[in-house]
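To start, the structure under review is shown below, and the notes come after it.
The values are calculated or read from the model by the stated rules, or taken from the named source; none is laboratory data. None of the values given here were measured: they were computed from a predicted structure. Using ideal geometry, Cβ is built from the backbone for each residue, glycine included, and neighbour counts are taken over all protein chains shown. For the accessible areas, the whole protein counts, side chains as well, though only heavy atoms, and no ligand, DNA or RNA atoms are used. Shrake-Rupley method; radii C 1.70, N 1.55, O 1.52, S 1.80 Å.
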Amino acid sequence: MAAPRRHCARLVRSLLGAWHLGPRAGREWESPPGLLLGNQVRCVSCGGVGAAFSGPLLASASSRYGQDSALDRILGFPQPDSLLAPSVPAVSVHRDEQNLLLVHTPDMPENPRVLRVVLLGAPNAGKSTLSNQLLGRKVFPVSKKVHTTRCQALGVITEKDAQVILLDTPGIISPVKQKRHHLELSLLEDPWKSMESADLVVVLVDVSDKWTRSQLSPQVLKCLTHFSQVPSILVLNKVDCLKQKSVLLELTATLTDGVVNGKKLNIKQALNSRRLGTHCPNPAEKDPDTYSVKNPQRIGWPNFQEIFMLSALNNKDVNTLKQYLLAQAQPGPWEFHSGVLTSQTPEEICTNKIREKLLEYLPEEVPYNVHQKTVMWEEGPSGELVIQQNLLVPKESHVRILIGQKGLLIAQIAQEVGRDLMDIFLCDVRIRLSVKLLK
């Protein structure tokens, strides 16, 4: 039996072909090559050097991508004990293998269930952070700066007979902001396109932002109104940042127009019992125009089915939401193989991870002016993934900022990106970043 499997593996690899990205580009400013990250900080052990592939041979995928690889199941390699807790699949480091998995016939059970979920919210509400926590791997970029997510990305949760497809959309914006800041058209269009195929909408509100939390954004309300037939739930995020938890009750009343799942909320009674004589300022006191009788503009949505109050960084909170989503899945065929975690290519994941760090460490407009170009993506001599990406900037001053004193900043970015990619690909990663002046 082993011989036919090896023959099948060779056939698949030969169909997929080798993955190389041309010659190495000249380097001007580069992060120190250093040692293989996996030898220093191993997030996950993924097998020895002898298991690495060479030429047309496709070895057991678990030797490179960790246990319970989807490719192993497709090719018929032995699987670990299925009684263990469900493992989160890794993403293949090869685009062709990832594409093969995306189009492979779903390995669904006899009575499959499926749910397509769209995450809506203002920029920087925490949608990508929540998506990463729900998926179990940080495949989407996260930053405190706005517009980290530039286009629609897809994540897949598969447990038992249910499959939940997460559509992580860019922060929903107005056409005016899109034009004013010269943002991609996808930031404006993708949330609306996602809604067309949604089974459930998750509206995320950052309750730590006192300037935006008191009302749903006009763009979110417009989207909910246009697709009013799609069920929706409200998620109040970052509740751990609030000192006065009673504010949550007031926000709930405001953002739902006092109605949840068709029932009117009795917020006043709950507030009186919680305050016990202690005054807690109402959001209307800080922003009276929003709540003025003279301002008839809608600020809440009365059709939410459920409300969740959580911190996207708290696993217990997120798991409660995850179990709810899995329970909402309706009978229907799966769209993806259970080994699919995201629709992104490995190169897109890498580019987004680098962009995440640039947004985190670079000031003001600098990270938005960096052009990224991957010039190397190949297997190293010990089976590790070797990546080189050029970071092109328009000004000499930006070059100095990005390199940092004695090259420490660019080295730190490379190290952190490598660490994150190891957790996503479940293999050792060596990454080099070169900073060049855009000509």
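Summary of values
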{"quantity": "Residue check for L313: more than 26 Å from V259 (Cβ to Cβ), open to solvent by 40 Å² or more (accessible area, probe 1.4 Å) and not acidic (D, E)", "calculated": "yes"}
{"quantity": "Residue check, R430 open to solvent by 10 Å² or more (accessible area, probe 1.4 Å) and not in a strand (DSSP E or B)", "calculated": "no"}
{"quantity": "Which listed residue is more than 30 Å from Q133 (Cβ to Cβ) and either exposed (fewer than 15 other Cβ atoms within 10 Å of the Cβ) or hydrophobic (A, V, I, L, M, F, W, C) (or both), from L421, L408", "calculated": "L408"}
{"quantity": "The one condition in (1) modelled with pLDDT of 90 or more; (2) crowded, with 18+ Cβ neighbours inside 10 Å; (3) not in a loop (DSSP other than H, G, I, E, B) that Q215 fails to fulfil", "calculated": "(3)"}
{"quantity": "Residue match in segment 342-349 (condition: under 20 Å from T129 (Cβ atoms), touching a residue at least 12 places away in the same chain (Cβ under 8 Å) and β-branched (V, I, T))", "calculated": "yes"}
{"quantity": "Some residue of segment 380-399 being under 27 Å from N124 (Cβ atoms), among the polar types (S, T, N, Q) and open to solvent by 20 Å² or more (accessible area, probe 1.4 Å)", "calculated": "yes"}
{"quantity": "Hits in segment 111-139 - residues which are modelled with pLDDT under 90 and part of a loop (DSSP other than H, G, I, E, B)", "calculated": "A122, P123, N124, A125, G126"}
{"quantity": "All positions within segment 88-104 that are under 18 Å from K138 (Cα atoms) and part of a helix (DSSP H, G or I)", "calculated": "Q98"}
{"quantity": "Criterion (more than 18 Å from the chain's Cα centre (by Cα), open to solvent by 60 Å² or more (accessible area, probe 1.4 Å) and at pLDDT 95 or above) met by exactly one of P296, P331", "calculated": "P331"}
{"quantity": "Residues (open to solvent by 10 Å² or more (accessible area, probe 1.4 Å) and within 11 Å of the chain's Cα centre (by Cα)) located in segment 345-355", "calculated": "N352"}
{"quantity": "In segment 334-344, residue farthest from L437 (Cα to Cα) [restricted to those that are open to solvent by less than 40 Å² (accessible area, probe 1.4 Å) and in contact with a Phe, Trp or Tyr (Cβ under 9 Å, 6 or more places away or on another chain)]", "calculated": "T342"}
{"quantity": "Selection within segment 235-255 - within 11 Å of I307 (Cβ to Cβ), of a type outside the set (G, A, S) and out of contact with any strand residue (DSSP E or B) (no Cβ under 9 Å at 6 or more places or on another chain)", "calculated": "L249"}
